[in-house]
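Have a look at the structure below, then the notes.
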Amino acid sequence: MSVPPLLRAKAELAAARPDLPAPVVLVPTMGALHAGHRALLRAARAAAAGGKSDAAAGGPGKSDTAAGSSGSVLVTIFVNPLQFRPGEDLDRYPRTLEADLAMCAEEGVTAVFAPPAAEMYPGGAPEVTVDPGPIGRIFEGEFRPGFFDGVLTVVLKLFHLTRPDVAVFGQKDAQQLALVRRLVSDTDLDLVIESVPTVRDPDGLATSSRNRYLSPADRALALTLPRALRAGQARAAAGDGQSGPGGGPGGSGAAAAVRAAALEVLRAEPALGVDYVAVVDPHTFGPAEPGPALIVAAVTAGGTRLIDNAPVVLPPDERTGPDGRNTEKDFRGAADH
Ligand code: AMP
């Protein structure tokens, strides 16, 4: 177990890049690494070894993915100022570089690129940025204006700087994952995106660098979020196509019922601030159709904002058209935030 080289400057990365064995698998992070990041590092290591990636499965990857080759895992650690608004937690965001490097060493990471902000944005905030489009302006994009512009801009820069064959992202940030996939397809980037299921602590809370802001009382309150998602999943599994009490306009009957079940749990905790809860298509974040969908939610517990999501499979319901598509447009239930 050796500590991977720590690259601070773009020039150092450029010098190291030609010597990285292919395939190069990138894991972009903001540091303060936890069990969720560890799962990404393991998936990246497997992809680098030709174990699991789409490229290894015979996709149009440009890399050598022969089974047994070890490839490279490149981790970036950068708290991107572009995705924080004034008043958000940029300054107090946890920075734990030494512990991060230790985890990277444990997981066989090849190199870590952790540039200072001035290295990434030498002229200050860039003038030309990535417009995330309509998916970037709803849900997280609505509550954090400019957030996805900042995320996609830094992700694109990191893709250019590291030129990965594969990049690994967490399903925990489902809207970000959908947008990164969209960025890759809409701008013809030549890499494969892999995703990793959300890692949770034993009490059900999704691991997050921001969980350390939570007091024990806040954490108890925050557990309402995964509980609400589980209630939504249970409603979906029960196959109840009717909207439950308080469901409001939730798209298809099944989606509305799932949303209502989750919302009911959230509303039982008045101390919890609810930004949104919705049942959406995992790729477009538009209205969910019968089949695979996501319950997405954002809440605030004691001043800490948390997002989470859970997969569901929506049964067909009586309000879908003859082609099986949901015919309702108003899926968010704006009045029900
Ligand atoms: P962050 O450092 O928070 O920007 O996250 C870096 C990457 O780790 C993103 O792709 C996240 O989706 C992913 N990630 C964060 N938390 C989790 C988790 N609990 N489970 C799986 N992936 C996660």
> Taking a ≥ b ≥ c as the square roots of the eigenvalues of the Cα gyration tensor of segment 160-306, is the shape rounded (a/c under 1.5), prolate (a/b larger than b/c) or oblate?
Replying inline: oblate
> Once you sort the root eigenvalues of the Cα gyration tensor of segment 92-205 as a ≥ b ≥ c, which label holds: rounded (a/c under 1.5), prolate (a/b larger than b/c) or oblate (the other case)?
Replying inline: rounded
> Using 7 Å Cα-to-Cβ label points, what is the ALA118/ALA9 separation (nm, one decimal)?
Replying inline: 1.3
> Which residues' amide hydrogens lie under 5 Å from the amide hydrogen of PHE78, considering only partners 5 or more residues apart or on another chain, with H built in the peptide plane?
Replying inline: THR29, MET30, GLY31
> If you keep only loop residues by DSSP, which GluC sites (Glu not before Pro) in segment 81-133 have at most 16 other Cβ atoms within 10 Å of their Cβ?
Replying inline: GLU88, GLU127
>> Using the Karplus curve 6.51 cos²θ - 1.76 cosθ + 1.60 with θ = phi - 60°, what ³J(HN,Hα) values do you get for each residue of segment 76-93, in whole Hz, with x for Gly and Pro?
In response: 10, 10, 8, 7, 7, x, 5, 9, 10, 9, x, x, 7, 9, 3, 6, 9, 4
>> I'd like the distance separating the alpha-carbon centroids of segment 1-43 and segment 253-319, in whole Å.
In response: 34
>> Could you derive backbone 3J(HN,Hα) for segment 165-180 from the dihedral phi with the Karplus parameters 6.51, -1.76 and 1.60 (θ = phi - 60°), listing whole Hz in sequence and x where the residue is Gly or Pro?
In response: 7, 9, 10, 10, 10, x, 5, 3, 9, 5, 6, 4, 4, 4, 6, 5
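Every read-out reported here was derived from the displayed coordinates using simple, explicitly stated rules and does not represent laboratory data. Just so we're clear, the structure is a prediction, and the values are computed from it rather than from any experiment. Cβ atoms come from the backbone with ideal geometry, glycine included; neighbour counts cover every protein chain shown.
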